[in-house]
Each structure stands twice: as C-alpha cells, then as structure tokens.
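Reviewing the structure listed below.
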Amino acid sequence: QAQLVESGGGLVQPGGSLRLSCVASGSTFRIISAMGWYRQAPGKQRELVAGISGGSRNYLNSVEGRFTISRDNAKNTVYLQMNDLKPEDTAVYYCNVSVGWDIYWGQGTQVTVSS
C-alpha cells in the first residue's frame, strides 16, 4: 500500500528552524521520479515550495536561501530544512511524490511561525 508519512511540523518563533520529513513506503515507490514539498495557507492556493528530481532542485522565490530540500534514496525519504522562518511561512505543508505520471500526496503537517 502506497503511503506518505510526514513529520516535523510545529510551532516556532520567527527566525527559528524546523525540519520536515516525508517517508514514502510501499512497493509503488520503487522508482520515484521526483519529490517535493507544497504548502497551503488559509484562503490561499497550494504552492510549490521546493522540488527535487535527480540532481536538480528548485525553490519558491520567497524561500530561496532559507529552505533546503534533500533526499535519501535508500530510505525513500525527502526532507525540508527550513531556517529563518517567517510568519508568512505559516501553512500546512504537504509532501508530494511523482512515480511516472502518478502523483501522491501526504496528509499534511502544520507549520506555525508566531511569537
């Protein structure tokens, strides 16, 4: 059974850091095309925060230099290191995995940046 399990969200003060993890389990994920993180704030559309495919990474402009996406292929895990967090980073963060033309989503993890 294909499953994406996210962890690492929470409440943090501005300027703080969090590290999100997403583990892809199940035989569906034997060959992964790409992995990434999206976020959705209340009243806003879901947006791509960071993606990784092969050796290529891409980032949302507003997080460039603060967030880093990485991937452990042996563990089928994707990470998002988030530094210097700002209140506008507050959102539900979703893991996204592509296997060929199929796309899978995690359940989401809340990140709240507030003093």
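Results, tabulated for the structure shown:
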| read-out | value |
| --- | --- |
| Near pairs, Cβ below 8 angstrom, 6+ apart or cross-chain, from the stretch 79-94 (among the basic types (Lys, Arg)) to any residue that is open to solvent by 30 Å² or more (accessible area, probe 1.4 Å) | Lys86/Pro14 |
| Extreme residue, nearest to Leu48 (Cα to Cα), among residues of the stretch 68-78 that are touching a residue at least 24 places away in the same chain (Cβ under 8 Å) and of a type in the set (D, E, K, R) | Arg71 |
| Near pairs, Cβ below 7 angstrom, 6+ apart or cross-chain, from the stretch 11-30 (over 28 Å from Asp89 (Cα atoms)) to any residue that is surrounded by 15 or more Cβ atoms within 10 Å (Cβ to Cβ) and not aliphatic (A, V, I, L, M) | Phe29/Asn76 |
| Selection from the stretch 72-95 of residues that are more than 12 Å from Gln40 (Cβ to Cβ) and assigned to a strand (DSSP E or B) | Asp72, Thr77, Val78, Tyr79, Leu80, Gln81, Met82, Cys95 |
| Residue count for the stretch 105-115, restricted to those that are over 11 Å from Val5 (Cα atoms) and assigned to a strand (DSSP E or B) | 4 |
| Residue in the stretch 42-63 that is assigned to a strand (DSSP E or B) and charged (D, E, K, R) present | yes |
| Any pair with Cβ under 6 angstrom, 6 or more apart, that starts in the stretch 47-59 at a residue that is touching a residue at least 12 places away in the same chain (Cβ under 8 Å) and ends at one that is assigned to a strand (DSSP E or B) and of a type in the set (Val, Ile, Thr) | Ala50/Ile69; Ile52/Ile69; Arg57/Ile69 |
| Qualifying residue in the stretch 75-85 (condition: open to solvent by 70 Å² or more (accessible area, probe 1.4 Å) and at pLDDT below 95) | yes |
| Subset tally (residues that are farther than 28 Å from Ser115 by Cβ and of a type in the set (Ser, Thr, Tyr)) for the stretch 1-29 | 3 |
| Test for Glu64: is it among the acidic types (Asp, Glu) and open to solvent by less than 30 Å² (accessible area, probe 1.4 Å) | no |
| Check on Gly15, surrounded by 13 or more Cβ atoms within 10 Å (Cβ to Cβ), at pLDDT 95 or above and not β-branched (Val, Ile, Thr) | no |
| Qualifying residue in the stretch 92-108 (condition: loosely packed, with under 14 Cβ neighbours inside 10 Å and farther than 14 Å from Ala34 by Cβ) | yes |
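The values are calculated or read from the model by the stated rules, or taken from the named source; none is laboratory data. Keep in mind that this is a model prediction, so the values were computed, not measured. All Cβ positions, even for glycine, are placed from backbone atoms using ideal geometry, and neighbour counts span all protein chains on display. Note: accessible area is taken over every heavy atom of the protein model, side chains too, but ligands, DNA and RNA are not part of it. Shrake-Rupley method; radii C 1.70, N 1.55, O 1.52, S 1.80 Å.
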